[in-house]
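Inspection log for the structure reproduced underneath, given as structure tokens.
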There are 2 protein chains.
Amino acid sequence: MSSIDPINELQKLLYGRLELVDQLSLKMMKSENAPRIPEITKHIFSSGGKKLRPLMCIASAETLNYKSNKHITLAATIEFIHTATLLHDDVVDESSTRRGKKTANILWDNKSSVLVGDFLFSRAFQLMVSTNSLNILEVLSNTAALITESEVLQLTNIRNIDIDLKTYFKIIEGKTAILFSAACETGAMLATNNIEHIKCFKEYGRAFGISFQLIDDYLDYKGNTKLMGKDVGNDFYNSKLTFPIIFTLSKATKLDCLNIKNLFKKPKKSKDDFDTLLNILNKYSSLESTKNEAIKWSEMAKKSLLSIPNNKLKKLLEEICDNIILRKL
Amino acid sequence: MSSIDPINELQKLLYGRLELVDQLSLKMMKSENAPRIPEITKHIFSSGGKKLRPLMCIASAETLNYKSNKHITLAATIEFIHTATLLHDDVVDESSTRRGKKTANILWDNKSSVLVGDFLFSRAFQLMVSTNSLNILEVLSNTAALITESEVLQLTNIRNIDIDLKTYFKIIEGKTAILFSAACETGAMLATNNIEHIKCFKEYGRAFGISFQLIDDYLDYKGNTKLMGKDVGNDFYNSKLTFPIIFTLSKATKLDCLNIKNLFKKPKKSKDDFDTLLNILNKYSSLESTKNEAIKWSEMAKKSLLSIPNNKLKKLLEEICDNIILRKL
């Protein structure tokens, strides 16, 4: 594995395109009538995400030698959908910080976050219509529907201590992996009519996204608050059952299972509760197992690209699969 | 004007099509994974709206002799967008009843309303993509963006006692009229390539929608709680400045203006406050003026159809313009 950060490498290599995505995004964020909209969207866009999804969309198209500029529009579309879901997620999760900054629902209010999320969502549809491709529109509208469906599935499984891994994977595939998958698939669709190649990118994005979410769930127990800019233990405090817990429940003694259940049932959870839970997780090496599961998916992502012709961009897309495992935020 | 209710007439005449819209809607509401979705959507779809928007979409297409079945999909799309905005509106307005039933945000919670609204919104996009028409997609995605933009504009003008009629009309055109306009315009687009005819239906829907919202604002001061299934005075209690108030402020003495401003400023408003406000409105015949403004727009809607060939459906579309003025709920 390269010692250079492949995400930085991609960002450098595709700098010009990312600039165009930013320009288009800024234009589409504008609202003459409602100045609250650019206020909130600027806040959330400028909070320093890595722009991983637009980056992967552009890289997928250009790995297949795409030479035109519709991937700029597509990348902005993907980022708008992502940002809209972040705004609504923070309302639903009652989050107060994201990437070290106060969330929009705290700085303004829930109402603004709901409506500005809707605005970004509808702007995403305007953008995707402007690509003039019904095939791409179909993929992206199906993606949006699956994301929202999975968010509801997640909400209705809050505090459901009996949730199984099948449901967990259904949730993360829908709420996270599908957007990575759509970013790569539609990027490839712009570049080629080769159905097999398009499938490779679709599968690559999906497996990458699952790995990404597993590491997210891992870091929520293992991460460093200062680095991540959000609190460790959020999933526990919000009674969200994720891989480390579901895995432990499938391995642990009856007594440990009962202890976990009682901790999750508590309406007010303390730092001590979190530490008690961590001790049980460590007893079963559950965090290591979560990381290993993420590595499995990351390897699958890399394998998905096997039949794609080699070039520098493809190599970087493979390398970010390893990199995502090492991420600390 | 006919003594028969033209909306009932349209519903009878287009019964078969409305049945198909219902079937399609039910299919698109389904979610194998997240049963909360059909629970909530059934609740809101079955709460007995008149289905005015899908009705007008279908009637517009068939007035122009449309013979195929894409208007079924289009009508369902329009109703899904409408229902999604209702779910989010109720969260933003903190409403507890709609059409005499408890709202979803009360029966379930705000989180579910936000996410299920998102789901319906994305389902609407799946539906519209299935019409395979990029022109229609463009109109509808622009419509969705304008609706959400106007909702934000409305939110940021809550308690803004200095709001002028220009801003008021911008808000109601965006939050209400544009969807009626898009319903009629896209219905016509399916039926004809005649740009003038399409424009007529677009303008018809817009003027109808403005009239519809003016009557809504009128009824919020004048209506009958039992009949309407929602409380009179909502706009006042939510500090929403609408035509009756903005009109009064433009006509009233300094003292009356000050009284109105003070009433709106109160953080907790009582029934007595509402009655005091009503007395001031009556002094300037503001509710009659609101109704007259609605009649003006309703007449404009009728005139928009002048160049459209006469038939039974066109006659009913004209008649609902008069009917909307008489509505009591």
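Read-outs throughout are calculated quantities, based only on the coordinates presented, and are distinct from any laboratory measurement. From a predicted model like this one, the values you see are computed outputs, not experimental measurements. Cβ placement follows ideal geometry from the backbone for every residue including glycine, while neighbour counts extend to all protein chains displayed.
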Report the Rg/Rh value for region A:147-244, based on alpha-carbon coordinates and the Kirkwood definition of Rh.
1.06
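What average number of partner chain Cβ atoms lie no more than 10 Å from the Cβ of the residues making up A:212-222? Let's see the in-between values first.
Numbers: counts 0, 0, 0, 0, 0, 0, 0, 0, 0, 0, 0.
Across the residues of A:212-222, the mean count of other-chain Cβ atoms within 10 Å is 0.
Which entries of B:Lys199/B:Lys312; B:Lys42/B:Lys222; A:Lys175/B:Lys50; A:Lys101/A:Lys271; A:Lys12/A:Lys70 have Cα-Cα distances beyond 28 Å here? Intermediate results must be reported in sequence, preceding the final value.
Values: B:Lys199/B:Lys312 20 Å; B:Lys42/B:Lys222 31 Å; A:Lys175/B:Lys50 35 Å; A:Lys101/A:Lys271 22 Å; A:Lys12/A:Lys70 20 Å.
From the list (B:Lys199/B:Lys312; B:Lys42/B:Lys222; A:Lys175/B:Lys50; A:Lys101/A:Lys271; A:Lys12/A:Lys70), the Cα-Cα distance tops 28 Å for B:Lys42/B:Lys222; A:Lys175/B:Lys50.
To the nearest 0.05, what FRET efficiency results for B:Asn142 and A:Ile4 with a Förster distance of 41 Å applied to their C-beta separation?
On the way: r = 44 Å, r/R0 = 1.06.
The value I calculate is 0.40.
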For region B:82-97 and region A:3-47, compute the distance between their C-alpha centroids and round to whole Å.
31 Å
Listed residues A:Asn282, A:Asn33, A:Asn234, most fluctuating in chain A (Gaussian network, C-alpha, under 10 Å):
A:Asn33
Highest GNM mean-square fluctuation, chain B, Cα pairs closer than 10 Å: which of B:Leu107, B:Leu316, B:Leu219?
B:Leu107
Using a 7 Å Cα-to-Cβ projection, B:Asn194 label spacings across copies, nm, ascending
5.1
Got a sec to turn the phi values of region A:201-210 into Karplus ³J(HN,Hα) couplings, 6.51 cos²θ - 1.76 cosθ + 1.60 with θ = phi - 60°, whole Hz, x for Gly and Pro?
5, 4, 5, 4, x, 5, 5, 4, x, 5
Per residue of region B:5-16, in order, report the coupling 6.51 cos²θ - 1.76 cosθ + 1.60 (Karplus, θ = phi - 60°) as ³J(HN,Hα) in whole Hz, putting x for Gly and Pro.
6, x, 5, 4, 4, 4, 4, 5, 4, 9, 3, x
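Based on Cβ point charges of +1 for Lys and Arg and -1 for Asp and Glu, what charge dipole magnitude is obtained for region B:62-201 about its Cα centre, in debye rounded to the nearest 20? Numbers along the way, then the final one.
Numbers: 13 positive and 16 negative charges, 73 e Å.
It comes to approximately 360 debye.
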Which cross-chain or sequence-distant (5 or more) residues have an amide H under 5 Å from the amide H of B:Gly49, H modelled 1.01 Å from N in plane?
none
Inter-probe distance in nm under a simple model that places probes 7 Å from Cα toward Cβ, at A:Lys12 and B:Asn310
7.7 nm
Distant-in-sequence amide H partners of B:Arg98 (H built 1.01 Å from N, under 5 Å)
B:Thr103
Kirkwood radius from Cα pairs of region B:86-204 plugged into Stokes-Einstein at 37 °C, 0.692 mPa s, gives D in µm²/s equal to 204 µm²/s
Let's see if you can work this out: charge +1 on each Lys and Arg Cβ, -1 on each Asp and Glu Cβ, no other charges. What is the dipole magnitude of region A:16-141 about its Cα centre, in debye to the nearest 20?
380 debye
Cα-based Rg of the protein assembly as shown normalised by 2.2 N^0.38 Å, two decimals:
1.03
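Averaged over A:150-158, how many beta carbons belonging to a partner chain fall within 10 Å of each residue's beta carbon? It would help to have the intermediate numbers written out before the result.
Working: counts 5, 7, 14, 8, 2, 9, 9, 1, 1.
Mean shielding by partner chains, rounded to a whole number: 6.
Averaging over all projection directions, find the projected area of the Cα convex hull of region A:207-329 and quote it in nm² with one decimal place. Don't jump to the answer; show the numbers that get you there.
On the way: hull surface 32.6 nm².
Projected area, direction-averaged: 8.1 nm².
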Which whole-number percent of Cα pairs in region A:6-326 have a distance greater than 24 Å?
55 percent
Whole-Å distance, taken between Cα centres, linking region A:241-285 and region B:239-296
58 Å
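If one computes P(r) from the Cα atoms of region B:1-148, what percent of pairs lie at distances over 24 Å?
Details: 3744 of 10878 pairs.
Summing the P(r) of region B:1-148 above 24 Å gives 34 percent of all pairs.
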Kindly write out, for region A:21-28 in residue order, the coupling ³J(HN,Hα) from the Karplus curve 6.51 cos²θ - 1.76 cosθ + 1.60 (θ = phi - 60°), rounded to whole Hz, with x marking Gly and Pro.
4, 4, 4, 5, 4, 4, 5, 6
Full-stretch length increase - B:Ser270, B:Asn282 - with 0.36 nm per residue and alpha-carbon distance subtracted:
2.5 nm
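Take peptides B:34-40, B:4-10 and line them up by average Cβ neighbours within 10 Å, highest first, as a rough protection proxy. Display every interim value, and only then the final one.
On the way: B:34-40: 20.1, B:4-10: 17.0.
In descending order of packing, they fall as B:34-40, B:4-10.
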Once you average over the residues of A:107-116, how many Cβ atoms of partner chains fall within 10 Å of each Cβ?
6
Defining the label point at 7 Å along Cα→Cβ, can you sort the distances from B:Asn279 to the same site in each other copy, shortest first, in nm?
7.0
